Amino acid sequence: MKTTIRGSFIVVVLLTALLIQPTMAQETVENPDVVLLVDGLACPLCAYGLEKNLKKIDSVQAISIELEKGEVRVKLKEDAKIAEDHIRKAVVDAGFTLNQIEYRDKKTQSSLDI
């Protein structure tokens, strides 16, 4: 009985990952306002959890994640700002480690090592 439940669970997880992966195959956000370097991004399902948390922030317009680089590119809505503590909370709540936040404002390009 345990083997059947465990096997069914694995099938559900794999199917979920396959269904989510096409949404992760989105195009890269061009000219991001914020780039995050994050540790622990290992699979599309993990990245989806982070993407979901970041999209809860009102000022976020679009997100793309490059798993291999551990890079999260965030495009903000026009004239929007984002609080660093909101970014940090979204990443930590998703179970990841935030290493760097790089703000790519056209006037000032700065980065903050965590």
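Does Lys55 meet the test of being surrounded by 14 or more Cβ atoms within 10 Å (Cβ to Cβ) and without any contact (Cβ under 8 Å) to a residue 24 or more places away in the chain?
Yes; evaluated as a whole, the condition is true for this residue.
Does Ile87 satisfy being modelled with pLDDT of 90 or more, among the aliphatic types (A, V, I, L, M) and either more than 13 Å from Pro32 (Cβ to Cβ) or in a strand (DSSP E or B) (or both)?
no
What is the one condition in (1) modelled with pLDDT under 65; (2) assigned to a helix (DSSP H, G or I) that Leu112 does not satisfy?
Condition not satisfied by Leu112: (2).
Looking at the range 58-88 only, could you name the residues that are touching a helix residue (DSSP H, G or I) at 6+ places or on another chain (Cβ under 8 Å) and surrounded by fewer than 18 Cβ atoms within 10 Å (Cβ to Cβ)? Explain how you work it out, then say what you get.
Of all residues in the range 58-88, those touching a helix residue (DSSP H, G or I) at 6+ places or on another chain (Cβ under 8 Å) come to 60, 63, 65, 67, 72, 74, 87.
Of everything in the range 58-88, just one residue is touching a helix residue (DSSP H, G or I) at 6+ places or on another chain (Cβ under 8 Å) and surrounded by fewer than 18 Cβ atoms within 10 Å (Cβ to Cβ), namely Leu67.
The values are calculated or read from the model by the stated rules, or taken from the named source; none is laboratory data. What you are looking at is a predicted structure, and each value in this text was computed from that prediction instead of being measured. A quick note on method: Cβ atoms are made from the backbone with ideal geometry, for glycine too, and the neighbour counts reach across all protein chains shown.
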